[in-house]
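Presented below is the structure to which this report refers.
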Amino acid sequence: MAREKATALLVDLDGVLRQWDPAVNEAVEREFGLPAGALLDTAMRWSLLQPAVTGQISHLDWMAGVADALAEAAGSRERALAAVDQWQAYRGEVDQEVLGFVREVRAGGVRVGLATNATDRLDTDLAELGLLDEVDLVLNSSVLGVHKPAKEYFQTACQALATPPARVLFVDDDDRAIRGARTAGLSAHRWTAPTDLPYLRAALTP
C-alpha cells in the first residue's frame, strides 16, 4: 500500500537551511596556530556538546569548555578564548534555495517546523539570519531537553505540528537523525543538496 503524502515538514537547520563556510574556521585556526579542524572537532566532542544541546549548560559555557580544551594548542587559555570568540562571530549563511522551498510549501498550506539540536543561542541566531518568521515552529533540543535522534524528540515534534508521524516529512543531513525519525514513524529524507528539492516537492501535498 502506498504511503500517505506528508502534510507537514520538519527541516534541519545546520547543513540544510543554514550552511557554513569552512574557510572561516580555517582562517581562525591559521591565525591562532591551531591544528586544522581543531575548532569544530573540539566543539563536537559529545562530552562538551551534549550538555549544551540538552539545556544543561549555556552556549557560553559550552564555548568556555571548548576554549579550555584548546588552551594548550593555542599557547594559552586567553588565546584560545580569543580564537573561539572570533570563530563564533560568524553565524553561517541561509541557503536561499532551501528557504525558497520552505516559503513555497508554507504558502501551499504545509506546516513547517525547524528541527535542530541547538543551544540557548538559537533564537538569537534565527533573528540575525532573518528566519524567525520563516517557519511555523522551532523544535530546539536545548529547550526540549532531548536531542535528535531520540524517538522522544520526534514524538514531541509531531505533537507540536498536530500531525501524525506518518504524515510528517523530515529532512536532515545526518544519517543517525534520519534513522531516528524513521524509527519514530516519520518519512525521512537524507539531504545532500538543493537538487533534492524536486523529490521533496513531490513528497508533500500540493
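Here is how the numbers come out for the structure above:
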quantity: Selection status of G109, in the same structural domain as L169 (by TED's automatic domain parsing), assigned to a loop (DSSP other than H, G, I, E, B) and out of contact with any helix residue (DSSP H, G or I) (no Cβ under 7 Å at 6 or more places or on another chain); calculated: yes
quantity: Whichever residue in the range 167-198 is assigned to a helix (DSSP H, G or I) and either at pLDDT below 95 or of a type in the set (S, T, N, Q) (or both) and, among such residues, is surrounded by the fewest Cβ atoms within 10 Å (Cβ to Cβ); calculated: T195
quantity: Residue list for the range 45-66, restricted to those being at negative phi, among the small types (G, A, S) and within 17 Å of the chain's Cα centre (by Cα); calculated: A52, S58
quantity: Verdict on N117 being touching a His at 6+ places or on another chain (Cβ under 6 Å) and of a type outside the set (A, V, I, L, M); calculated: yes
quantity: Set A27, A74, A23, A6: member being touching a helix residue (DSSP H, G or I) at 6+ places or on another chain (Cβ under 8 Å) and farther than 30 Å from R182 by Cα; calculated: A74
quantity: Candidate set from the range 48-88 (those that are part of a loop (DSSP other than H, G, I, E, B) and either in contact (Cβ under 8 Å) with a residue 24 or more places away in the chain or not assigned by TED's automatic domain parsing to the domain that holds V28 (or both)); member that is nearest to Y153 (Cα to Cα); calculated: T54
quantity: Search result, residues across the range 15-31 that are in a loop (DSSP other than H, G, I, E, B) and either out of contact with any Leu (no Cβ under 8 Å at 6 or more places or on another chain) or of a type in the set (D, E) (or both); calculated: G15, V16, W20, D21
quantity: Per-region count, the range 50-82, residues touching a Gly at 6+ places or on another chain (Cβ under 9 Å) and of a type in the set (A, V, I, L, M); calculated: 4
quantity: Qualifying residues in the range 26-39 (those that are surrounded by 20 or more Cβ atoms within 10 Å (Cβ to Cβ) and touching a residue at least 40 places away in the same chain (Cβ under 8 Å)) - the one farthest from D85 (Cα to Cα); calculated: L34
quantity: Test result for G55, modelled with pLDDT of 95 or more and over 27 Å from A184 (Cβ atoms); calculated: no
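Condition check ((1) within 21 Å of L126 (Cβ to Cβ); (2) within 21 Å of the chain's Cα centre (by Cα); (3) at pLDDT 95 or above) across all residues:
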| position | (1), (2), (3) |
| --- | --- |
| P35 | no, no, yes |
| A38 | no, yes, yes |
| A74 | no, no, yes |
| R79 | no, no, yes |
| G100 | yes, yes, yes |
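Per-residue answers, yes or no, for (1) crowded, with 20+ Cβ neighbours inside 10 Å; (2) touching a helix residue (DSSP H, G or I) at 6+ places or on another chain (Cβ under 6 Å):
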| position | (1), (2) |
| --- | --- |
| L17 | yes, yes |
| D41 | no, no |
| L48 | no, yes |
| E78 | no, no |
| L81 | no, yes |
| W87 | yes, yes |
| R91 | no, yes |
| Q96 | no, no |
| L99 | no, no |
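The values are calculated or read from the model by the stated rules, or taken from the named source; none is laboratory data. Note that the coordinates shown come from a computational prediction; the quantities given were computed from them, not determined experimentally. We place every Cβ from the backbone using ideal geometry, glycine too, and count neighbours over all the protein chains shown.
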